[in-house]
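Peer 1: Supplied in structure tokens, the structure appears directly below.
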């Protein structure tokens, strides 16, 4: 037990009275059963108060780092505090892989899935779409397991649950045979090409990311991550592509930042977990000198939404480090920002100046409002609670689910009360 920490970016100081790092499941159960209010803290990569509480803050990072592979059922069961990079390395060594990874391999499995974190790819669901079972400690200290096979619809409500049903201790994920990926970067994609060929560009590789600083009409960089086992995985990369130019040296999304911290590019094939993230596992992310926001909206509105943001490009650029566009396949998880719709995600990495960034977030949300954006649960947003609830058809069902698994409100906090109030 110690003083509660800050999040990774340092913009949130947790208000918890106590901070716990239990080393066993029994210890965790005792902590939860003895708490009036408790929340789980993952790796701290959220930028709002989703993990905050007035009671006890708990990290599961010191629980046994279990990784149990089930080759018969093509699944792996992993401790909730295990980081994706650690899991991926062990899976690859056994000849297996996950369908996708986020841009940072440093985030925990439980934290990423509970907040709907994602990678990219028009056919790739969020990281949580691979979940097949969830084990959690509920408010009375009991251990509960929900699975897709046994719990169906309820399971879809528990995977992306914002930590409000229980402390997730283990997660079972679907795996597949390991594969290789090669990565190329193209620079200065003309805006006209984006407008005319967005669908083709977004589906041109297994995972595609477009980066812009909103300071020029062009897209600064396009990162193409192609599975080598795909039919065109070995095709040579053209020097010119949709008017963009093939980069001949390693690139970082941010100008002036060390490119060696990024995963290998230049078309050199390597294991999936060393290419799908943007950053290397052995590279420790910066000290958090940034803030982040992200909005997911229907894929068919990608070009219109880009044009809407472009109308306030000067305002955005003034407080922006970089903006990334990605795609996410639709899925059935109730609180996933890509619930039942293929989505385009606009991710903004801001300068670390909350006062300067706040009005820009408001202006951005006003521009995106006609397209029905859903904000990422772990990032900064100002969207009105009623608008957020309206964006999720199963919001009332989720509120009922919190009553079922947390009748005493042990896992509730200000964010959960705001967006999913109990009457």
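None of the figures in this text is laboratory data; all of them are computed from the coordinates on show. Given the structure is predicted, the values throughout are model-derived calculations rather than measurements. So basically every Cβ, Gly included, is an ideal-geometry build from the backbone, and we count neighbours across all protein chains shown.
Peer 1: Taking Cα atoms, how many degrees apart are the long axis of helix 395-405 and the longest axis of the chain, rounded to 10 and kept between 0 and 90?
Peer 2: The angle comes out near 40 degrees.
Peer 1: Rounding to the nearest 10 and keeping the result within 0 to 90°, find how far the Cα-based axis of helix 148-158 lies from the longest principal axis of the chain.
Peer 2: 80
Peer 1: In angstroms, what radius of gyration and Dmax does region 210-275 have, counting Cα atoms only?
Peer 2: So, for region 210-275, Rg and Dmax equal 12.9, 37 Å respectively.
Peer 1: Using Cα pairs under 8 angstrom and six or more residues apart, how large is the relative contact order of the chain, in percent?
Peer 2: Averaging sequence separation for qualifying contacts and normalising by length gives 18 percent for the chain.
Peer 1: To continue, here is another question. If you average 1/r across every pair of different Cα atoms in region 125-210 and take the reciprocal, what Kirkwood value do you get, in Å?
Peer 2: Hydrodynamic radius (Kirkwood, Cα pairs) of region 125-210 is 16.3 Å.
Peer 1: Quick check: Cα centre of region 171-204 to Cα centre of region 83-103, how many Å?
Peer 2: Using only Cα atoms, the two centres lie 19 Å from each other.
Peer 1: Next up: Take region 308-423, compute every pairwise Cα distance, and split them into 10 Å bins from 0; I just need the percent in each bin.
Peer 2: With 10 Å bins starting at 0, P(r) equals 12, 39, 32, 15, 2.
Peer 1: What 222 nm value per residue comes from the helices of the chain, counting each DSSP H run with n ≥ 4 as -39,500 (n - 2.57) and dividing by all residues, nearest 500 deg cm²/dmol?
Peer 2: Result for the chain, helices only: -7000 deg cm²/dmol.
Peer 1: Right, next: Rank these for me by crowding, 257, 150, going from fewest to most other beta carbons within 10 Å.
Peer 2: Ascending number of Cβ neighbours within 10 Å: 150, 257.
Peer 1: Let me ask something else about it. Counting only C-alpha contacts under 8 Å and six or more residues apart, can you give the relative contact order of region 67-177 as a whole percent?
Peer 2: Over region 67-177, the number comes to 33 percent.
Peer 1: Now for a separate question. Relative to the longest principal axis of the chain, what angle (0 to 90°, nearest 10) does the C-alpha long axis of helix 354-368 take?
Peer 2: Helix 354-368 and the main axis of the chain meet at about 70 degrees.
Peer 1: Principal axis extents for the chain, Cα atoms only, whole Å, descending order, please.
Peer 2: So the three principal-axis extents are 62, 49, 38 Å.
Peer 1: Rounded to the nearest 5, what % of the DSSP beta bridges within the chain are antiparallel ones?
Peer 2: 90
Peer 1: Can you give the Rg to Rh ratio of region 263-326, both from alpha-carbon atoms, with Rh computed by the Kirkwood formula?
Peer 2: 1.05
Peer 1: Give the Rg/Rh ratio for region 67-177, taking Rg as the radius of gyration of the Cα atoms and Rh as the Kirkwood radius, to two decimals.
Peer 2: In region 67-177, Rg relative to Rh is 0.94.
Peer 1: If I histogram all Cα-Cα distances within region 44-129 using bins 5 Å wide from 0, what percent of pairs lands in each bin?
Peer 2: For region 44-129, the binned pair fractions read 3, 13, 23, 24, 19, 10, 5, 3, 1 percent.
Peer 1: Let me ask something additional. Can you report the principal axis dimensions of region 224-383 using only the alpha carbons, biggest first, rounded to whole angstrom?
Peer 2: Principal axes ranked by extent give 43, 35, 32 Å for the Cα atoms.
Peer 1: Give me 274, 27, 86 sorted ascending by neighbouring Cβ count inside 10 Å, so fewest comes first.
Peer 2: Least to most surrounded, the residues fall as 27, 86, 274.
Peer 1: If neighbour count is taken as other Cβ atoms inside 10 Å, put 171, 309 in order from fewest to most.
Peer 2: Lowest to highest Cβ neighbour count: 309, 171.
Peer 1: Students often check this: by mean Cβ neighbours within 10 Å, which of 53-59, 157-163 ranks highest, and how do the rest follow?
Peer 2: Per-residue mean Cβ counts within 10 Å order the peptides as 157-163, 53-59.
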